[in-house]
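Single-structure report; data block below.
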Amino acid sequence: MTSESIRVPAAQLITLVARMFAATGLSTTAAERVAKGLVEADLEGLPSHGVMLVDMYVERIHRGSVSSQEAADIVSDRNTAIVLDAGHALGHLTGEQAMTLAVERAKRLGVAVVAVRHGFHFGTAGRYAQLAADSGCIGIAMCNTRPLMPAPGGAERVVGNNPLAVAVPCAGPIPILLDMATSEAAMGKIRMADKAGRPIPDNWAVKADGTPTINAAEAIAGMLLPSGGPKGFGLAFTIDLICGLLSGGAIGNGVQPLYGDSSVPYDCSHLFLAIDVAHFCDLDIFRSRAAAAAEHVRSSRRARGTGALLSPGEPAWQKRERSGDHVQITMPVAQMLLRIASELGVSTAPLDAILQPAQVIGHAQA
(Lines give C-alpha, C1' and ligand atoms only; values in the text may rest on other atoms or scores of the structure.)
Protein backbone atom coordinates (compact mmCIF):
# COMPACT_ATOMS: atom_id res chain seq x y z
CA MET A 1 0.00 0.00 0.00
CA THR A 2 1.14 3.56 -0.75
CA SER A 3 -0.24 6.92 0.32
CA GLU A 4 -1.87 7.18 -3.13
CA SER A 5 -3.45 3.76 -3.57
CA ILE A 6 -4.34 0.60 -1.72
CA ARG A 7 -4.54 -3.06 -2.72
CA VAL A 8 -7.81 -4.80 -1.85
CA PRO A 9 -8.76 -8.49 -2.28
CA ALA A 10 -11.24 -8.60 -5.15
CA ALA A 11 -13.67 -10.96 -3.37
CA GLN A 12 -13.82 -8.67 -0.33
CA LEU A 13 -14.30 -5.60 -2.52
CA ILE A 14 -17.19 -7.32 -4.31
CA THR A 15 -18.77 -8.07 -0.93
CA LEU A 16 -18.38 -4.45 0.20
CA VAL A 17 -19.86 -2.98 -2.99
CA ALA A 18 -22.68 -5.55 -2.97
CA ARG A 19 -23.58 -4.52 0.59
CA MET A 20 -23.92 -0.95 -0.60
CA PHE A 21 -26.19 -1.79 -3.52
CA ALA A 22 -28.29 -4.10 -1.34
CA ALA A 23 -28.75 -1.19 1.05
CA THR A 24 -30.27 0.83 -1.81
CA GLY A 25 -33.01 -1.78 -2.23
CA LEU A 26 -31.56 -4.30 -4.67
CA SER A 27 -31.83 -7.99 -3.89
CA THR A 28 -28.65 -9.65 -2.62
CA THR A 29 -28.23 -11.54 -5.90
CA ALA A 30 -28.66 -8.45 -8.08
CA ALA A 31 -26.35 -6.40 -5.87
CA GLU A 32 -23.62 -9.06 -6.17
CA ARG A 33 -23.97 -9.17 -9.96
CA VAL A 34 -23.49 -5.41 -10.27
CA ALA A 35 -20.60 -5.41 -7.79
CA LYS A 36 -18.88 -8.25 -9.64
CA GLY A 37 -19.16 -6.41 -12.95
CA LEU A 38 -17.56 -3.27 -11.52
CA VAL A 39 -14.73 -5.11 -9.77
CA GLU A 40 -14.00 -7.20 -12.86
CA ALA A 41 -13.36 -3.97 -14.78
CA ASP A 42 -10.84 -2.91 -12.14
CA LEU A 43 -9.12 -6.31 -12.31
CA GLU A 44 -8.74 -5.92 -16.07
CA GLY A 45 -7.11 -2.52 -15.75
CA LEU A 46 -10.21 -0.51 -16.65
CA PRO A 47 -10.82 1.56 -13.49
CA SER A 48 -12.93 4.09 -15.40
CA HIS A 49 -15.59 1.33 -15.56
CA GLY A 50 -14.91 0.01 -12.07
CA VAL A 51 -15.82 0.83 -8.48
CA MET A 52 -15.13 4.53 -9.00
CA LEU A 53 -18.67 4.57 -10.43
CA VAL A 54 -20.34 3.49 -7.17
CA ASP A 55 -21.13 6.99 -5.90
CA MET A 56 -22.70 8.02 -9.21
CA TYR A 57 -24.76 4.83 -9.38
CA VAL A 58 -25.97 5.16 -5.78
CA GLU A 59 -26.84 8.83 -6.19
CA ARG A 60 -28.88 8.06 -9.30
CA ILE A 61 -30.71 5.26 -7.49
CA HIS A 62 -31.53 7.61 -4.61
CA ARG A 63 -32.72 10.35 -6.96
CA GLY A 64 -34.87 7.97 -9.02
CA SER A 65 -33.17 8.15 -12.43
CA VAL A 66 -32.03 4.54 -11.99
CA SER A 67 -34.81 2.19 -10.98
CA SER A 68 -34.69 -0.71 -8.53
CA GLN A 69 -36.08 -2.94 -11.30
CA GLU A 70 -33.81 -5.95 -11.77
CA ALA A 71 -34.89 -7.20 -15.20
CA ALA A 72 -35.97 -5.62 -18.46
CA ASP A 73 -39.48 -6.13 -19.84
CA ILE A 74 -40.05 -7.82 -23.20
CA VAL A 75 -41.56 -5.34 -25.66
CA SER A 76 -41.59 -7.66 -28.68
CA ASP A 77 -40.36 -11.20 -29.34
CA ARG A 78 -40.02 -12.48 -32.90
CA ASN A 79 -37.77 -15.45 -32.17
CA THR A 80 -34.42 -14.09 -33.39
CA ALA A 81 -35.34 -10.40 -33.02
CA ILE A 82 -36.21 -9.24 -29.52
CA VAL A 83 -36.77 -5.77 -28.07
CA LEU A 84 -36.47 -5.14 -24.33
CA ASP A 85 -37.39 -2.11 -22.22
CA ALA A 86 -34.81 -1.82 -19.42
CA GLY A 87 -36.93 0.65 -17.45
CA HIS A 88 -33.76 2.56 -16.48
CA ALA A 89 -32.50 -0.39 -14.39
CA LEU A 90 -28.80 -0.87 -13.72
CA GLY A 91 -27.19 -1.81 -17.03
CA HIS A 92 -25.15 -4.70 -15.66
CA LEU A 93 -28.39 -6.50 -14.84
CA THR A 94 -30.24 -5.86 -18.11
CA GLY A 95 -27.08 -6.35 -20.19
CA GLU A 96 -26.54 -9.84 -18.77
CA GLN A 97 -30.23 -10.59 -19.27
CA ALA A 98 -30.16 -9.44 -22.90
CA MET A 99 -27.03 -11.33 -23.93
CA THR A 100 -28.11 -14.47 -22.09
CA LEU A 101 -31.39 -14.34 -24.02
CA ALA A 102 -29.52 -13.76 -27.30
CA VAL A 103 -27.30 -16.79 -26.64
CA GLU A 104 -30.25 -19.02 -25.75
CA ARG A 105 -32.02 -18.14 -29.01
CA ALA A 106 -28.85 -18.41 -31.08
CA LYS A 107 -28.21 -21.92 -29.76
CA ARG A 108 -31.63 -22.88 -31.00
CA LEU A 109 -31.96 -20.79 -34.15
CA GLY A 110 -28.40 -19.91 -35.20
CA VAL A 111 -28.39 -16.17 -34.55
CA ALA A 112 -30.28 -13.72 -32.38
CA VAL A 113 -30.34 -9.97 -31.81
CA VAL A 114 -31.65 -8.26 -28.67
CA ALA A 115 -32.16 -4.48 -28.75
CA VAL A 116 -32.68 -2.61 -25.47
CA ARG A 117 -34.23 0.81 -24.91
CA HIS A 118 -34.37 3.00 -21.79
CA GLY A 119 -31.06 1.56 -20.64
CA PHE A 120 -28.39 2.69 -18.20
CA HIS A 121 -24.59 2.46 -18.11
CA PHE A 122 -23.60 -1.21 -18.35
CA GLY A 123 -19.87 -1.08 -17.63
CA THR A 124 -17.57 -2.60 -20.22
CA ALA A 125 -19.19 -3.85 -23.43
CA GLY A 126 -16.65 -6.65 -23.58
CA ARG A 127 -18.08 -8.58 -20.63
CA TYR A 128 -21.31 -9.21 -22.58
CA ALA A 129 -19.54 -10.18 -25.79
CA GLN A 130 -17.34 -12.57 -23.80
CA LEU A 131 -20.39 -14.05 -22.11
CA ALA A 132 -21.49 -15.19 -25.57
CA ALA A 133 -18.03 -16.44 -26.56
CA ASP A 134 -17.84 -18.54 -23.39
CA SER A 135 -21.02 -20.25 -24.60
CA GLY A 136 -19.68 -21.03 -28.07
CA CYS A 137 -21.13 -17.99 -29.81
CA ILE A 138 -19.58 -15.00 -31.49
CA GLY A 139 -20.75 -12.13 -29.30
CA ILE A 140 -21.25 -8.51 -30.29
CA ALA A 141 -22.34 -5.78 -27.88
CA MET A 142 -22.72 -2.06 -28.46
CA CYS A 143 -24.25 0.98 -26.84
CA ASN A 144 -24.90 4.64 -27.59
CA THR A 145 -23.99 7.54 -25.32
CA ARG A 146 -24.79 11.23 -25.25
CA PRO A 147 -23.07 13.24 -28.00
CA LEU A 148 -19.42 13.81 -27.11
CA MET A 149 -17.66 14.06 -30.49
CA PRO A 150 -17.88 16.45 -33.45
CA ALA A 151 -18.01 15.44 -37.09
CA PRO A 152 -14.52 15.69 -38.64
CA GLY A 153 -13.76 19.39 -38.75
CA GLY A 154 -16.83 20.26 -36.71
CA ALA A 155 -17.17 22.32 -33.53
CA GLU A 156 -20.36 20.79 -32.13
CA ARG A 157 -21.00 17.50 -30.35
CA VAL A 158 -23.16 15.35 -32.63
CA VAL A 159 -22.44 11.72 -31.70
CA GLY A 160 -21.30 9.71 -28.68
CA ASN A 161 -18.06 7.74 -28.40
CA ASN A 162 -20.28 4.70 -28.71
CA PRO A 163 -18.55 1.48 -27.56
CA LEU A 164 -18.35 -1.75 -29.55
CA ALA A 165 -17.19 -5.19 -28.42
CA VAL A 166 -16.72 -8.39 -30.43
CA ALA A 167 -15.66 -11.70 -28.83
CA VAL A 168 -14.75 -14.89 -30.71
CA PRO A 169 -14.72 -18.37 -29.15
CA CYS A 170 -11.13 -19.48 -28.79
CA ALA A 171 -9.23 -22.50 -27.45
CA GLY A 172 -6.91 -21.87 -24.54
CA PRO A 173 -6.98 -19.34 -21.71
CA ILE A 174 -6.39 -16.10 -23.67
CA PRO A 175 -9.63 -14.64 -25.05
CA ILE A 176 -10.03 -12.97 -28.42
CA LEU A 177 -11.97 -9.85 -27.52
CA LEU A 178 -12.15 -6.48 -29.21
CA ASP A 179 -13.54 -3.92 -26.74
CA MET A 180 -13.28 -0.32 -27.82
CA ALA A 181 -14.79 3.09 -27.55
CA THR A 182 -15.02 4.90 -30.87
CA SER A 183 -13.20 7.92 -29.45
CA GLU A 184 -9.42 8.07 -29.21
CA ALA A 185 -9.89 7.78 -25.43
CA ALA A 186 -12.87 7.05 -23.19
CA MET A 187 -14.32 9.95 -21.19
CA GLY A 188 -13.73 7.92 -18.02
CA LYS A 189 -9.97 8.05 -18.64
CA ILE A 190 -10.11 11.82 -19.06
CA ARG A 191 -12.11 12.17 -15.84
CA MET A 192 -9.48 10.11 -14.05
CA ALA A 193 -6.72 12.36 -15.45
CA ASP A 194 -8.68 15.40 -14.28
CA LYS A 195 -9.04 14.01 -10.76
CA ALA A 196 -5.30 13.22 -10.68
CA GLY A 197 -4.30 16.59 -12.14
CA ARG A 198 -2.53 14.93 -15.09
CA PRO A 199 -2.35 16.24 -18.69
CA ILE A 200 -3.83 14.17 -21.52
CA PRO A 201 -2.37 13.40 -24.98
CA ASP A 202 -3.15 16.08 -27.57
CA ASN A 203 -5.10 13.70 -29.81
CA TRP A 204 -7.72 12.76 -27.19
CA ALA A 205 -9.94 15.82 -27.24
CA VAL A 206 -10.47 19.43 -28.27
CA LYS A 207 -11.84 22.50 -26.51
CA ALA A 208 -15.43 23.60 -27.04
CA ASP A 209 -14.30 25.72 -30.01
CA GLY A 210 -12.64 22.74 -31.70
CA THR A 211 -9.02 23.67 -30.90
CA PRO A 212 -6.65 21.05 -29.39
CA THR A 213 -6.01 20.71 -25.65
CA ILE A 214 -4.00 18.63 -23.20
CA ASN A 215 -6.00 19.93 -20.22
CA ALA A 216 -8.43 17.28 -18.93
CA ALA A 217 -10.91 19.83 -17.55
CA GLU A 218 -11.00 21.64 -20.91
CA ALA A 219 -11.52 18.28 -22.61
CA ILE A 220 -14.48 17.43 -20.37
CA ALA A 221 -16.04 20.81 -21.19
CA GLY A 222 -15.10 20.36 -24.85
CA MET A 223 -15.32 17.38 -27.18
CA LEU A 224 -13.69 13.97 -27.58
CA LEU A 225 -12.01 13.13 -30.86
CA PRO A 226 -13.04 10.03 -32.83
CA SER A 227 -10.51 7.23 -33.21
CA GLY A 228 -9.19 7.21 -36.76
CA GLY A 229 -10.89 10.47 -37.70
CA PRO A 230 -13.73 9.95 -40.22
CA LYS A 231 -13.63 6.16 -39.78
CA GLY A 232 -14.22 6.31 -36.03
CA PHE A 233 -16.85 8.99 -36.48
CA GLY A 234 -18.71 6.91 -39.07
CA LEU A 235 -18.61 3.82 -36.86
CA ALA A 236 -19.89 5.79 -33.86
CA PHE A 237 -22.72 7.29 -35.91
CA THR A 238 -23.91 3.94 -37.23
CA ILE A 239 -23.76 2.36 -33.74
CA ASP A 240 -25.96 5.18 -32.47
CA LEU A 241 -28.56 4.50 -35.17
CA ILE A 242 -28.46 0.70 -34.84
CA CYS A 243 -28.90 0.75 -31.05
CA GLY A 244 -31.50 3.47 -30.84
CA LEU A 245 -33.60 2.88 -33.94
CA LEU A 246 -33.90 -0.92 -33.64
CA SER A 247 -34.89 -0.65 -29.98
CA GLY A 248 -37.21 2.31 -30.43
CA GLY A 249 -35.03 4.12 -27.91
CA ALA A 250 -33.02 7.31 -27.75
CA ILE A 251 -30.38 8.43 -30.23
CA GLY A 252 -28.15 11.49 -30.36
CA ASN A 253 -29.20 14.23 -27.97
CA GLY A 254 -31.97 11.98 -26.65
CA VAL A 255 -29.32 10.22 -24.55
CA GLN A 256 -28.68 12.33 -21.46
CA PRO A 257 -25.34 13.14 -19.74
CA LEU A 258 -24.17 10.36 -17.44
CA TYR A 259 -22.69 12.95 -15.08
CA GLY A 260 -25.40 15.56 -15.58
CA ASP A 261 -28.59 16.00 -13.54
CA SER A 262 -28.71 12.75 -11.58
CA SER A 263 -32.50 12.94 -11.33
CA VAL A 264 -32.84 12.66 -15.13
CA PRO A 265 -32.57 9.12 -16.62
CA TYR A 266 -29.51 8.44 -18.75
CA ASP A 267 -31.79 6.71 -21.31
CA CYS A 268 -29.23 5.05 -23.57
CA SER A 269 -29.87 2.18 -26.00
CA HIS A 270 -28.02 -1.16 -26.24
CA LEU A 271 -27.73 -3.93 -28.81
CA PHE A 272 -26.56 -7.52 -28.26
CA LEU A 273 -25.95 -10.09 -31.00
CA ALA A 274 -25.05 -13.77 -30.68
CA ILE A 275 -24.03 -16.09 -33.54
CA ASP A 276 -23.89 -19.78 -32.68
CA VAL A 277 -20.73 -21.17 -34.27
CA ALA A 278 -22.05 -24.76 -34.28
CA HIS A 279 -24.77 -23.74 -36.72
CA PHE A 280 -22.01 -22.98 -39.24
CA CYS A 281 -19.11 -25.32 -38.50
CA ASP A 282 -17.51 -27.57 -35.88
CA LEU A 283 -17.03 -25.51 -32.72
CA ASP A 284 -13.81 -27.21 -31.61
CA ILE A 285 -12.20 -26.70 -35.00
CA PHE A 286 -13.33 -23.06 -35.01
CA ARG A 287 -11.82 -22.49 -31.56
CA SER A 288 -8.54 -24.15 -32.53
CA ARG A 289 -8.21 -22.11 -35.74
CA ALA A 290 -9.01 -18.90 -33.84
CA ALA A 291 -6.36 -19.71 -31.24
CA ALA A 292 -3.79 -20.48 -33.97
CA ALA A 293 -4.52 -17.15 -35.67
CA ALA A 294 -4.05 -15.28 -32.38
CA GLU A 295 -0.78 -17.14 -31.72
CA HIS A 296 0.43 -16.18 -35.19
CA VAL A 297 -0.12 -12.53 -34.27
CA ARG A 298 1.85 -12.93 -31.04
CA SER A 299 4.73 -14.78 -32.72
CA SER A 300 4.98 -12.57 -35.81
CA ARG A 301 8.09 -10.51 -36.53
CA ARG A 302 8.49 -7.38 -34.45
CA ALA A 303 9.76 -4.00 -35.47
CA ARG A 304 13.02 -2.92 -33.87
CA GLY A 305 12.52 -1.80 -30.28
CA THR A 306 9.05 -3.36 -30.00
CA GLY A 307 8.21 -5.54 -27.02
CA ALA A 308 5.61 -8.29 -27.02
CA LEU A 309 2.93 -8.38 -29.71
CA LEU A 310 -0.54 -8.91 -28.31
CA SER A 311 -3.82 -10.14 -29.74
CA PRO A 312 -7.11 -8.28 -29.08
CA GLY A 313 -8.20 -8.87 -25.49
CA GLU A 314 -4.78 -10.07 -24.34
CA PRO A 315 -3.72 -6.88 -22.49
CA ALA A 316 -6.77 -6.98 -20.22
CA TRP A 317 -6.30 -10.74 -19.70
CA GLN A 318 -2.67 -10.20 -18.72
CA LYS A 319 -3.60 -7.50 -16.24
CA ARG A 320 -6.15 -9.78 -14.63
CA GLU A 321 -3.65 -12.65 -14.46
CA ARG A 322 -1.07 -10.38 -12.81
CA SER A 323 -3.57 -8.94 -10.34
CA GLY A 324 -3.44 -11.93 -8.02
CA ASP A 325 -7.17 -11.35 -7.51
CA HIS A 326 -6.44 -8.02 -5.86
CA VAL A 327 -7.65 -4.60 -7.00
CA GLN A 328 -5.50 -1.49 -6.82
CA ILE A 329 -7.74 1.49 -6.03
CA THR A 330 -6.73 5.11 -5.58
CA MET A 331 -7.09 6.80 -2.23
CA PRO A 332 -9.90 9.14 -3.44
CA VAL A 333 -11.89 6.09 -4.59
CA ALA A 334 -11.24 4.30 -1.28
CA GLN A 335 -12.41 7.36 0.66
CA MET A 336 -15.49 7.61 -1.55
CA LEU A 337 -16.37 3.97 -0.84
CA LEU A 338 -15.93 4.57 2.90
CA ARG A 339 -18.22 7.58 2.71
CA ILE A 340 -20.96 5.80 0.74
CA ALA A 341 -20.84 2.73 3.00
CA SER A 342 -21.12 4.95 6.10
CA GLU A 343 -24.02 6.92 4.60
CA LEU A 344 -25.83 3.68 3.78
CA GLY A 345 -25.16 2.26 7.25
CA VAL A 346 -23.26 -0.82 6.11
CA SER A 347 -19.93 -2.26 7.21
CA THR A 348 -16.87 -0.59 5.68
CA ALA A 349 -14.81 -3.81 5.82
CA PRO A 350 -12.26 -4.50 4.42
CA LEU A 351 -11.29 -0.86 3.81
CA ASP A 352 -11.32 0.09 7.49
CA ALA A 353 -8.73 -2.61 8.18
CA ILE A 354 -6.55 -1.80 5.17
CA LEU A 355 -6.44 1.98 5.47
CA GLN A 356 -4.17 3.67 7.97
CA PRO A 357 -6.04 4.76 11.12
CA ALA A 358 -5.34 8.41 10.34
CA GLN A 359 -6.94 8.01 6.91
CA VAL A 360 -10.08 6.51 8.41
CA ILE A 361 -10.22 9.30 11.01
CA GLY A 362 -9.71 11.88 8.28
CA HIS A 363 -12.63 10.42 6.40
CA ALA A 364 -14.84 10.53 9.48
CA GLN A 365 -14.02 14.22 10.00
CA ALA A 366 -14.61 15.13 6.34
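The values are calculated or read from the model by the stated rules, or taken from the named source; none is laboratory data. What you see is a predicted model; the values in this text were computed from it and never measured. Here Cβ is always computed from backbone atoms with ideal geometry, including for glycine, and neighbour counts include all displayed protein chains. Note: areas computed on protein heavy atoms with side chains; ligands, DNA, RNA excluded. Shrake-Rupley method; radii C 1.70, N 1.55, O 1.52, S 1.80 Å.
Using a Gaussian network model of the chain with C-alpha springs under 10 Å, which one of 61, 74, 340 is most mobile by mean-square fluctuation?
74
Report the charge-dipole magnitude of the chain in Debye, nearest 20, computed about the Cα centre from +1 at each Lys and Arg Cβ and -1 at each Asp and Glu Cβ.
Details: 30 positive and 33 negative charges, 135 e Å.
Result for the chain is approximately 640 debye, rounded to the nearest 20.
In terms of the Cα gyration tensor, with a ≥ b ≥ c the square roots of its eigenvalues, is the chain rounded because a/c is under 1.5, prolate because a/b exceeds b/c, or oblate?
Details: a/c = 1.25, a/b = 1.23, b/c = 1.02.
Because its axes are fairly even, with a/c under 1.5, the chain counts as rounded.
Which of rounded, prolate or oblate describes the stretch 69-182 when judged by the alpha-carbon gyration tensor and an a/c cut-off of 1.5?
Judged from the Cα gyration tensor, the stretch 69-182 comes out oblate (a/c at least 1.5, b/c at or above a/b).
Considering only 127, 301, 60, give the residue with the highest GNM mean-square fluctuation for the chain, with springs between Cα atoms whenever their separation is below 10 Å.
Checking each option, the largest mean-square fluctuation is seen for 301.
Which one, 308, 229, 243, is farthest towards the positive end of the dipole of the chain when Lys and Arg carry +1 and Asp and Glu -1 on their Cβ?
308
Which shape class, rounded, prolate or oblate, goes with the stretch 186-331 when its Cα gyration tensor gives a ≥ b ≥ c as root eigenvalues, a/c under 1.5 marks rounded, and past that a/b bigger than b/c marks prolate? Present the calculation step by step, with values, prior to reporting the outcome.
Details: a/c = 1.84, a/b = 1.28, b/c = 1.44.
The shape class here is oblate.
Where Lys and Arg each count +1 and Asp and Glu each count -1, what net charge lies around residue 40 among other residues with Cβ under 9 Å from its Cβ? Spell out each step's value before the answer.
On the way: positive: 36, 127, 320; negative: 42, 44.
Combined, the nearby Lys, Arg, Asp and Glu give +1.
Positive end of the dipole of the stretch 46-123, charges at C-beta (+1 Lys, Arg; -1 Asp, Glu), about the Cα centre: which of 94, 81, 62 has its Cα farthest in that direction?
Value computed over the given set: 81.
Using a Gaussian network for the chain with springs between C-alpha atoms less than 10 Å apart, which of these wobbles most: 81, 106, 181?
Answer for the Gaussian network model of the chain: 81.
What is the distance, in nm, between label points placed 7 Å from the Cα along the Cα-to-Cβ direction at residue 209 and at residue 309?
4.6
Counting only residues 5 or more places away or on other chains, whose amide H sits under 5 Å from the amide H of residue 213 once H atoms are built in the peptide plane?
Hits under the 5 Å cutoff: 205, 207.
Whenever you get a sec, line up 218, 96 from highest to lowest accessible area (probe 1.4 Å, protein heavy atoms). Each step should come with its number before you reach the end.
Numbers: 218 75, 96 35 Å².
Heavy-atom accessible area, descending, gives 218, 96.
What spacing in nm lies between the two simple spin-label points modelled at residue 300 and residue 202, each 7 Å away from Cα in the Cβ direction?
So the two model labels end up 3.0 nm from each other.
Using packing as a proxy for protection, rank 256-263, 199-206 so that the peptide with the highest average count of other Cβ atoms within 10 Å comes first.
On the way: 256-263: 13.8, 199-206: 16.9.
Going by the mean number of other Cβ atoms within 10 Å, highest first, we get 199-206, 256-263.
Report the charge-dipole magnitude of the stretch 242-366 in Debye, nearest 20, computed about the Cα centre from +1 at each Lys and Arg Cβ and -1 at each Asp and Glu Cβ.
Working: 10 positive and 11 negative charges, 149 e Å.
The dipole magnitude comes to about 720 debye.
Between residue 279 and residue 217, with labels modelled 7 Å along Cα→Cβ, what's the label distance in nm to one decimal, could you check?
Between residue 279 and residue 217, the label points sit 5.3 nm apart.
Roughly how big is the stretch 1-101's charge dipole about its Cα centre, with Cβ charges of +1 (Lys, Arg) and -1 (Asp, Glu), in debye to the nearest 20?
Numbers: 7 positive and 12 negative charges, 29 e Å.
Roughly 140 debye for the stretch 1-101.
Using a cut-off of 14 Å between beta-carbons, work out the net charge of the residues near residue 158 (Lys and Arg +1, Asp and Glu -1, residue 158 not included). Mind showing how you got there, number by number?
Details: positive: 146, 157; negative: 156, 240.
The answer is 0.
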